[in-house]
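Here is the structure we will look at.
The values are calculated or read from the model by the stated rules, or taken from the named source; none is laboratory data. Small disclaimer: the values here were computed from a predicted structure and weren't measured. Cβ atoms come from the backbone with ideal geometry, glycine included; neighbour counts cover every protein chain shown. Surface accessibility is based on the protein's heavy atoms, side chains included, excluding ligands, DNA and RNA. Shrake-Rupley method; radii C 1.70, N 1.55, O 1.52, S 1.80 Å.
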Amino acid sequence: MKINDFLLERFFAKYEFEVPYLLCASDCESFSIDEILQLEEGAEKKFKKLMLGYTDSQGSPELRETIATLYNNVSKQDILAFAGAEEGIFAFMNIVLNPGDHIIVQFPAYQSLFEIAEAVGCKVTKWTMEPENNWNLDLNVLLNNITAKTKAIVINFPHNPTGSLISQKKYESIIEIAQDNKLYLLSDEVYRMLEYNPSKRLEPACDLYDKAISLGVMSKSFGLAGLRIGWTATKDQILLNKLASFKDYTTICNSIVSEYLATLALTKYQALVERNLSIILSNLELLDQFFNKTPSLDWVRPQAGPIAFPKLIKDFSSEKFCSDCIEKAGVLLLPSSTFLYGDNHFRLGFGRKNMPEALSQLTAYLEDTNSLYSIQA
Ligand SMILES: Cc1ncc(COP(=O)(O)O)c(C=O)c1O
(Lines give C-alpha, C1' and ligand atoms only; values in the text may rest on other atoms or scores of the structure.)
Protein backbone atom coordinates (compact mmCIF):
# COMPACT_ATOMS: atom_id res chain seq x y z
CA MET A 1 0.00 0.00 0.00
CA LYS A 2 1.22 3.48 -0.89
CA ILE A 3 0.02 6.08 1.59
CA ASN A 4 0.61 9.80 2.12
CA ASP A 5 2.58 10.95 5.14
CA PHE A 6 0.68 11.23 8.41
CA LEU A 7 1.34 14.96 8.72
CA LEU A 8 0.63 15.31 12.44
CA GLU A 9 2.89 12.36 13.29
CA ARG A 10 5.70 13.66 11.04
CA PHE A 11 5.41 17.05 12.77
CA PHE A 12 5.55 15.42 16.22
CA ALA A 13 8.48 13.23 15.15
CA LYS A 14 10.41 16.42 14.44
CA TYR A 15 9.52 18.45 17.52
CA GLU A 16 7.74 16.53 20.31
CA PHE A 17 10.81 15.62 22.32
CA GLU A 18 12.89 18.67 21.32
CA VAL A 19 10.71 21.65 22.26
CA PRO A 20 10.65 22.47 26.00
CA TYR A 21 6.90 23.16 26.31
CA LEU A 22 4.39 20.82 24.69
CA LEU A 23 1.09 22.70 24.37
CA CYS A 24 -0.66 20.62 21.71
CA ALA A 25 -0.68 17.02 23.00
CA SER A 26 -3.95 15.14 22.68
CA ASP A 27 -3.31 12.69 25.49
CA CYS A 28 -3.73 13.31 29.20
CA GLU A 29 -1.00 13.41 31.83
CA SER A 30 0.44 9.93 32.12
CA PHE A 31 0.73 7.63 35.15
CA SER A 32 3.81 5.66 36.24
CA ILE A 33 3.85 1.85 36.33
CA ASP A 34 4.17 2.17 40.08
CA GLU A 35 0.99 4.27 40.34
CA ILE A 36 -0.93 1.67 38.34
CA LEU A 37 0.40 -1.23 40.41
CA GLN A 38 -0.65 0.61 43.58
CA LEU A 39 -4.27 0.46 42.42
CA GLU A 40 -4.64 -3.09 43.72
CA GLU A 41 -3.05 -4.91 46.61
CA GLY A 42 -0.76 -7.71 45.46
CA ALA A 43 -0.59 -6.42 41.88
CA GLU A 44 3.14 -5.74 42.01
CA LYS A 45 3.90 -9.33 42.95
CA LYS A 46 1.69 -10.69 40.16
CA PHE A 47 3.21 -8.25 37.67
CA LYS A 48 6.74 -9.46 38.43
CA LYS A 49 5.72 -13.08 37.92
CA LEU A 50 4.23 -12.55 34.44
CA MET A 51 5.73 -14.88 31.85
CA LEU A 52 6.80 -12.97 28.76
CA GLY A 53 5.28 -15.24 26.14
CA TYR A 54 2.81 -14.61 23.31
CA THR A 55 -0.70 -13.72 24.40
CA ASP A 56 -4.22 -14.49 23.16
CA SER A 57 -4.38 -12.69 19.81
CA GLN A 58 -7.84 -11.25 20.58
CA GLY A 59 -6.59 -9.83 23.89
CA SER A 60 -6.64 -11.71 27.18
CA PRO A 61 -10.11 -12.75 28.42
CA GLU A 62 -9.58 -10.61 31.56
CA LEU A 63 -8.72 -7.55 29.47
CA ARG A 64 -11.69 -8.00 27.12
CA GLU A 65 -14.03 -8.67 30.00
CA THR A 66 -12.88 -5.48 31.73
CA ILE A 67 -13.17 -3.43 28.53
CA ALA A 68 -16.72 -4.75 28.05
CA THR A 69 -17.71 -3.16 31.39
CA LEU A 70 -17.26 0.26 29.74
CA TYR A 71 -20.29 -0.52 27.54
CA ASN A 72 -23.89 -1.44 28.35
CA ASN A 73 -24.73 -3.90 25.70
CA VAL A 74 -21.61 -5.80 24.61
CA SER A 75 -19.62 -8.59 26.21
CA LYS A 76 -16.13 -10.06 26.09
CA GLN A 77 -16.62 -11.78 22.73
CA ASP A 78 -17.50 -8.43 21.12
CA ILE A 79 -14.13 -6.89 21.99
CA LEU A 80 -10.92 -7.18 20.00
CA ALA A 81 -7.71 -5.70 21.42
CA PHE A 82 -5.24 -3.86 19.20
CA ALA A 83 -1.94 -2.03 19.50
CA GLY A 84 -3.54 1.36 20.09
CA ALA A 85 -6.60 2.76 18.38
CA GLU A 86 -4.45 3.33 15.32
CA GLU A 87 -4.16 -0.39 14.53
CA GLY A 88 -7.93 -0.77 14.93
CA ILE A 89 -8.52 1.99 12.35
CA PHE A 90 -5.99 0.42 9.97
CA ALA A 91 -7.61 -3.02 10.25
CA PHE A 92 -11.15 -1.65 9.86
CA MET A 93 -10.35 0.34 6.71
CA ASN A 94 -8.53 -2.59 5.12
CA ILE A 95 -11.21 -5.14 5.94
CA VAL A 96 -14.31 -3.15 5.09
CA LEU A 97 -13.20 -1.15 2.06
CA ASN A 98 -12.36 -2.08 -1.53
CA PRO A 99 -11.09 0.14 -4.35
CA GLY A 100 -13.99 2.14 -5.75
CA ASP A 101 -15.97 2.16 -2.49
CA HIS A 102 -16.98 5.40 -0.85
CA ILE A 103 -16.96 6.63 2.76
CA ILE A 104 -18.12 9.79 4.48
CA VAL A 105 -15.83 11.15 7.19
CA GLN A 106 -16.44 13.95 9.66
CA PHE A 107 -13.80 16.62 8.97
CA PRO A 108 -11.36 17.93 10.21
CA ALA A 109 -10.22 14.52 11.38
CA TYR A 110 -7.39 12.49 12.78
CA GLN A 111 -5.72 11.75 9.46
CA SER A 112 -5.85 7.96 9.49
CA LEU A 113 -9.66 8.14 9.64
CA PHE A 114 -9.67 9.15 5.94
CA GLU A 115 -6.14 8.67 4.60
CA ILE A 116 -6.11 4.86 4.86
CA ALA A 117 -9.40 4.74 2.92
CA GLU A 118 -7.87 6.89 0.19
CA ALA A 119 -4.82 4.64 0.08
CA VAL A 120 -7.11 1.62 -0.33
CA GLY A 121 -8.54 3.36 -3.42
CA CYS A 122 -11.78 4.71 -1.97
CA LYS A 123 -13.51 7.94 -2.64
CA VAL A 124 -13.73 9.98 0.55
CA THR A 125 -16.35 12.66 1.19
CA LYS A 126 -15.28 15.04 3.92
CA TRP A 127 -18.24 16.02 6.07
CA THR A 128 -16.89 19.39 7.01
CA MET A 129 -17.47 21.36 10.20
CA GLU A 130 -16.79 25.09 10.51
CA PRO A 131 -16.06 27.20 13.61
CA GLU A 132 -18.50 29.87 12.39
CA ASN A 133 -21.16 27.22 12.83
CA ASN A 134 -19.90 26.06 16.25
CA TRP A 135 -18.36 22.96 14.63
CA ASN A 136 -21.88 21.71 13.88
CA LEU A 137 -22.61 18.83 11.51
CA ASP A 138 -25.33 19.24 8.89
CA LEU A 139 -27.32 16.01 8.55
CA ASN A 140 -28.50 17.03 5.07
CA VAL A 141 -24.89 16.93 3.86
CA LEU A 142 -24.67 13.34 5.09
CA LEU A 143 -27.97 12.35 3.49
CA ASN A 144 -27.16 14.04 0.19
CA ASN A 145 -23.81 12.33 -0.16
CA ILE A 146 -24.77 8.69 0.40
CA THR A 147 -24.55 6.69 -2.83
CA ALA A 148 -24.85 3.02 -3.79
CA LYS A 149 -21.08 2.76 -3.30
CA THR A 150 -21.04 4.17 0.24
CA LYS A 151 -19.81 1.59 2.73
CA ALA A 152 -19.25 3.48 5.96
CA ILE A 153 -19.69 6.67 7.95
CA VAL A 154 -16.82 7.72 10.21
CA ILE A 155 -17.44 9.96 13.21
CA ASN A 156 -15.39 11.03 16.22
CA PHE A 157 -16.94 12.40 19.44
CA PRO A 158 -15.56 13.96 21.60
CA HIS A 159 -13.75 15.35 18.60
CA ASN A 160 -10.09 15.76 17.74
CA PRO A 161 -9.03 18.54 17.16
CA THR A 162 -12.02 20.73 18.12
CA GLY A 163 -13.18 19.23 21.43
CA SER A 164 -16.75 19.40 20.14
CA LEU A 165 -19.73 17.13 20.83
CA ILE A 166 -23.17 16.75 19.30
CA SER A 167 -26.51 16.17 20.97
CA GLN A 168 -27.59 12.58 21.68
CA LYS A 169 -30.58 13.26 19.39
CA LYS A 170 -28.44 14.23 16.40
CA TYR A 171 -26.07 11.35 17.13
CA GLU A 172 -29.00 8.94 17.05
CA SER A 173 -30.09 10.46 13.73
CA ILE A 174 -26.65 9.64 12.29
CA ILE A 175 -27.03 6.07 13.55
CA GLU A 176 -30.49 5.87 12.02
CA ILE A 177 -29.16 7.06 8.67
CA ALA A 178 -26.39 4.43 8.84
CA GLN A 179 -28.98 1.80 9.73
CA ASP A 180 -31.41 2.80 6.93
CA ASN A 181 -28.60 2.58 4.40
CA LYS A 182 -26.98 -0.56 5.91
CA LEU A 183 -23.69 1.25 6.40
CA TYR A 184 -20.94 0.53 8.88
CA LEU A 185 -20.49 3.26 11.43
CA LEU A 186 -16.94 3.66 12.73
CA SER A 187 -17.32 5.70 15.90
CA ASP A 188 -13.98 6.88 17.25
CA GLU A 189 -14.70 7.31 20.96
CA VAL A 190 -11.14 7.58 22.27
CA TYR A 191 -11.89 10.78 24.25
CA ARG A 192 -15.14 9.45 25.72
CA MET A 193 -15.57 10.09 29.49
CA LEU A 194 -13.79 13.44 29.27
CA GLU A 195 -17.03 15.42 28.80
CA TYR A 196 -17.02 18.55 31.03
CA ASN A 197 -20.70 17.99 31.66
CA PRO A 198 -21.30 14.24 32.09
CA SER A 199 -24.93 14.61 30.99
CA LYS A 200 -23.62 15.41 27.48
CA ARG A 201 -21.83 12.03 27.21
CA LEU A 202 -22.99 10.13 24.14
CA GLU A 203 -23.90 6.48 24.38
CA PRO A 204 -21.33 4.18 22.79
CA ALA A 205 -22.33 3.47 19.18
CA CYS A 206 -21.74 -0.28 19.54
CA ASP A 207 -24.53 -0.36 22.16
CA LEU A 208 -27.00 1.20 19.74
CA TYR A 209 -26.37 -0.38 16.34
CA ASP A 210 -25.15 -3.81 15.24
CA LYS A 211 -23.00 -2.50 12.39
CA ALA A 212 -21.34 0.15 14.59
CA ILE A 213 -17.77 -0.19 15.74
CA SER A 214 -16.80 1.76 18.85
CA LEU A 215 -13.11 2.52 19.00
CA GLY A 216 -11.42 2.88 22.39
CA VAL A 217 -7.89 3.25 23.68
CA MET A 218 -5.89 3.58 26.89
CA SER A 219 -4.04 6.67 25.58
CA LYS A 220 -6.47 9.55 25.93
CA SER A 221 -9.12 9.46 28.66
CA PHE A 222 -7.01 7.13 30.80
CA GLY A 223 -3.59 8.76 30.26
CA LEU A 224 -1.77 5.53 29.40
CA ALA A 225 -0.58 6.03 25.81
CA GLY A 226 2.63 4.09 26.45
CA LEU A 227 0.71 0.85 26.93
CA ARG A 228 -0.28 0.90 23.24
CA ILE A 229 -3.54 -0.89 24.00
CA GLY A 230 -6.67 -0.03 22.05
CA TRP A 231 -9.75 -1.98 20.99
CA THR A 232 -12.80 -2.26 18.79
CA ALA A 233 -16.19 -3.09 20.30
CA THR A 234 -18.84 -4.38 17.92
CA LYS A 235 -21.71 -6.85 17.90
CA ASP A 236 -20.94 -7.67 14.28
CA GLN A 237 -19.19 -11.01 14.82
CA ILE A 238 -18.45 -11.50 11.12
CA LEU A 239 -16.60 -8.19 11.01
CA LEU A 240 -14.84 -8.91 14.29
CA ASN A 241 -13.55 -12.25 12.96
CA LYS A 242 -12.24 -10.57 9.82
CA LEU A 243 -10.52 -7.89 11.91
CA ALA A 244 -8.95 -10.63 14.04
CA SER A 245 -7.62 -12.40 10.92
CA PHE A 246 -6.18 -9.14 9.63
CA LYS A 247 -4.37 -8.57 12.93
CA ASP A 248 -2.41 -11.79 12.27
CA TYR A 249 -0.51 -9.77 9.64
CA THR A 250 0.13 -6.68 11.77
CA THR A 251 0.96 -7.33 15.43
CA ILE A 252 -0.51 -10.84 16.01
CA CYS A 253 -1.03 -10.12 19.70
CA ASN A 254 -0.41 -7.48 22.35
CA SER A 255 2.34 -7.32 24.95
CA ILE A 256 1.41 -9.19 28.14
CA VAL A 257 2.98 -6.40 30.21
CA SER A 258 0.63 -3.87 28.63
CA GLU A 259 -2.40 -6.13 28.82
CA TYR A 260 -1.86 -6.73 32.53
CA LEU A 261 -1.45 -3.03 33.32
CA ALA A 262 -4.37 -2.02 31.08
CA THR A 263 -6.68 -4.54 32.77
CA LEU A 264 -5.62 -3.29 36.19
CA ALA A 265 -6.07 0.36 35.20
CA LEU A 266 -9.51 -0.24 33.70
CA THR A 267 -10.81 -1.92 36.85
CA LYS A 268 -10.26 1.47 38.53
CA TYR A 269 -10.83 3.66 35.49
CA GLN A 270 -13.05 6.18 37.29
CA ALA A 271 -10.09 7.29 39.45
CA LEU A 272 -7.89 7.81 36.38
CA VAL A 273 -10.57 9.73 34.49
CA GLU A 274 -11.33 11.87 37.55
CA ARG A 275 -7.65 12.83 37.92
CA ASN A 276 -7.40 13.66 34.22
CA LEU A 277 -10.61 15.69 34.15
CA SER A 278 -9.51 17.70 37.15
CA ILE A 279 -6.29 18.69 35.32
CA ILE A 280 -8.27 19.54 32.17
CA LEU A 281 -10.88 21.63 34.00
CA SER A 282 -8.34 23.60 35.98
CA ASN A 283 -6.32 24.29 32.79
CA LEU A 284 -9.53 25.26 31.03
CA GLU A 285 -10.04 28.10 33.52
CA LEU A 286 -6.63 29.46 32.58
CA LEU A 287 -7.53 29.20 28.92
CA ASP A 288 -10.76 31.13 29.50
CA GLN A 289 -8.70 33.97 30.98
CA PHE A 290 -6.11 33.67 28.20
CA PHE A 291 -8.68 33.96 25.39
CA ASN A 292 -10.44 36.83 27.15
CA LYS A 293 -7.29 38.91 27.10
CA THR A 294 -5.99 37.78 23.70
CA PRO A 295 -8.15 39.40 21.01
CA SER A 296 -5.86 38.18 18.22
CA LEU A 297 -7.03 34.64 18.89
CA ASP A 298 -10.52 33.21 18.87
CA TRP A 299 -11.87 29.83 19.89
CA VAL A 300 -15.02 27.81 20.08
CA ARG A 301 -14.74 26.65 23.68
CA PRO A 302 -14.46 22.85 23.67
CA GLN A 303 -17.06 20.68 25.41
CA ALA A 304 -14.92 17.65 26.12
CA GLY A 305 -11.38 16.34 26.08
CA PRO A 306 -7.93 17.94 26.37
CA ILE A 307 -7.82 19.76 23.00
CA ALA A 308 -9.18 22.80 21.21
CA PHE A 309 -8.72 24.28 17.75
CA PRO A 310 -8.41 28.08 18.05
CA LYS A 311 -8.15 30.48 15.16
CA LEU A 312 -5.78 33.35 14.40
CA ILE A 313 -7.96 36.40 13.86
CA LYS A 314 -5.64 38.29 11.57
CA ASP A 315 -4.47 36.74 8.36
CA PHE A 316 -1.44 35.23 10.03
CA SER A 317 -0.32 31.88 8.73
CA SER A 318 -0.64 29.29 11.51
CA GLU A 319 2.40 27.47 10.16
CA LYS A 320 4.46 30.65 10.60
CA PHE A 321 2.83 31.36 13.99
CA CYS A 322 3.60 27.85 15.27
CA SER A 323 7.16 27.93 13.99
CA ASP A 324 7.70 31.34 15.69
CA CYS A 325 6.26 29.95 18.94
CA ILE A 326 8.71 27.05 18.79
CA GLU A 327 11.69 29.24 18.01
CA LYS A 328 10.96 32.25 20.21
CA ALA A 329 8.90 30.87 23.09
CA GLY A 330 9.94 27.20 23.16
CA VAL A 331 6.25 26.24 22.93
CA LEU A 332 4.91 23.56 20.61
CA LEU A 333 1.54 24.21 18.94
CA LEU A 334 0.19 22.18 16.05
CA PRO A 335 -0.66 24.08 12.82
CA SER A 336 -3.95 23.25 11.09
CA SER A 337 -2.07 22.37 7.90
CA THR A 338 -1.19 19.06 9.63
CA PHE A 339 -4.95 18.40 9.58
CA LEU A 340 -5.21 19.55 5.94
CA TYR A 341 -7.58 22.19 7.34
CA GLY A 342 -6.18 25.43 5.91
CA ASP A 343 -3.54 27.60 7.54
CA ASN A 344 -5.49 29.62 10.08
CA HIS A 345 -6.04 27.35 13.10
CA PHE A 346 -3.80 25.54 15.54
CA ARG A 347 -4.37 22.70 17.99
CA LEU A 348 -3.96 23.45 21.66
CA GLY A 349 -3.54 20.62 24.18
CA PHE A 350 -4.27 21.11 27.86
CA GLY A 351 -4.31 17.69 29.49
CA ARG A 352 -0.89 17.94 31.07
CA LYS A 353 0.11 19.11 34.56
CA ASN A 354 2.76 21.54 33.29
CA MET A 355 0.26 23.27 30.97
CA PRO A 356 0.13 26.47 33.13
CA GLU A 357 3.88 26.89 32.68
CA ALA A 358 3.64 26.33 28.92
CA LEU A 359 0.75 28.80 28.69
CA SER A 360 2.76 31.42 30.63
CA GLN A 361 5.58 31.06 28.12
CA LEU A 362 3.15 31.56 25.26
CA THR A 363 1.49 34.52 26.99
CA ALA A 364 4.85 36.20 27.67
CA TYR A 365 5.75 35.82 23.99
CA LEU A 366 2.43 37.25 22.83
CA GLU A 367 2.72 40.15 25.26
CA ASP A 368 6.23 40.99 24.13
CA THR A 369 5.93 44.27 22.25
CA ASN A 370 8.60 43.10 19.83
CA SER A 371 6.56 40.07 18.89
CA LEU A 372 4.79 40.12 15.53
CA TYR A 373 1.71 38.88 17.38
CA SER A 374 1.94 41.38 20.21
CA ILE A 375 -1.28 41.77 22.16
CA GLN A 376 -0.03 44.87 24.02
CA ALA A 377 -2.23 47.92 23.55
C1 LIG B 1 -9.34 10.68 17.26
C2 LIG B 1 -8.17 9.77 17.44
N3 LIG B 1 -8.29 8.48 17.09
C4 LIG B 1 -7.29 7.61 17.22
C5 LIG B 1 -6.07 8.01 17.74
C6 LIG B 1 -4.96 7.01 17.86
O7 LIG B 1 -4.72 6.68 19.21
P8 LIG B 1 -3.42 5.85 19.59
O9 LIG B 1 -2.26 6.73 19.20
O10 LIG B 1 -3.45 5.68 21.04
O11 LIG B 1 -3.43 4.61 18.82
C12 LIG B 1 -5.89 9.35 18.11
C13 LIG B 1 -4.60 9.82 18.62
O14 LIG B 1 -4.30 10.99 18.69
C15 LIG B 1 -6.98 10.23 17.97
O16 LIG B 1 -6.88 11.52 18.33
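The figures follow:
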| item | result |
| --- | --- |
| Scan of the range 148-203 for residues that are of a type in the set (Ser, Thr, Tyr) and away from the ligand (no atom under 15 Å from the Cβ), ordered by number | Thr150, Ser167, Tyr171, Ser173, Tyr184, Tyr196, Ser199 |
| Selection count, the range 98-129, where residues are open to solvent by 30 Å² or more (accessible area, probe 1.4 Å) and under 19 Å from the mean Cα position of the chain (by Cα) | 3 |
| Condition broken by Leu284, with the remaining ones in (1) open to solvent by 10 Å² or more (accessible area, probe 1.4 Å); (2) modelled with pLDDT of 95 or more satisfied | (1) |
| Index of the failed condition, Glu9 passing every other in (1) more than 19 Å from Ser187 (Cβ to Cβ); (2) among the charged types (D, E, K, R); (3) more than 15 Å from the ligand (Cβ to nearest atom) | (3) |
| Whichever residue in the range 215-232 is in contact (Cβ under 8 Å) with a residue 40 or more places away in the chain and part of a helix (DSSP H, G or I) and, among such residues, is surrounded by the most Cβ atoms within 10 Å (Cβ to Cβ) | Ala225 |
| Test for Lys235: is it touching a Pro at 6+ places or on another chain (Cβ under 8 Å), basic (Lys, Arg) and either open to solvent by 20 Å² or more (accessible area, probe 1.4 Å) or in a helix (DSSP H, G or I) (or both) | no |
| Among residues of the range 16-65, those that are aromatic (Phe, Trp, Tyr) and modelled with pLDDT under 95, counted | 1 |
| Answer residue from the range 298-343, given it is in a loop (DSSP other than H, G, I, E, B) and among the β-branched types (Val, Ile, Thr) and is most open to solvent (accessible area, probe 1.4 Å) among those | Ile313 |
| Extreme residue, most open to solvent (accessible area, probe 1.4 Å), among residues of the range 12-29 that are of a type in the set (A, V, I, L, M, F, W, C) and within 15 Å of the ligand (Cβ to nearest atom) | Ala13 |
| Selected residue (only one of Ser278, Ser318, Ser282, Ser360 is in contact (Cβ under 8 Å) with a residue 24 or more places away in the chain and not hydrophobic (A, V, I, L, M, F, W, C)) | Ser318 |
| Qualifying residue in the range 272-293 (condition: farther than 23 Å from Ile307 by Cα, part of a helix (DSSP H, G or I) and out of contact with any Gly (no Cβ under 9 Å at 6 or more places or on another chain)) | no |
| Members of the range 34-52 that are in contact with a helix residue (DSSP H, G or I) (Cβ under 7 Å, 6 or more places away or on another chain) and either open to solvent by 70 Å² or more (accessible area, probe 1.4 Å) or not β-branched (Val, Ile, Thr) (or both) | Leu37, Leu39, Glu40, Ala43, Glu44, Phe47, Leu50, Leu52 |
| Which numbered condition Thr250 fails, given (1) among the hydroxyl-bearing types (Ser, Thr, Tyr); (2) under 22 Å from the mean Cα position of the chain (by Cα); (3) over 22 Å from Leu52 (Cα atoms); (4) not in a helix (DSSP H, G or I) | (3) |
| Number of the exception - Tyr260 against (1) touching a strand residue (DSSP E or B) at 6+ places or on another chain (Cβ under 9 Å); (2) part of a helix (DSSP H, G or I) | (1) |
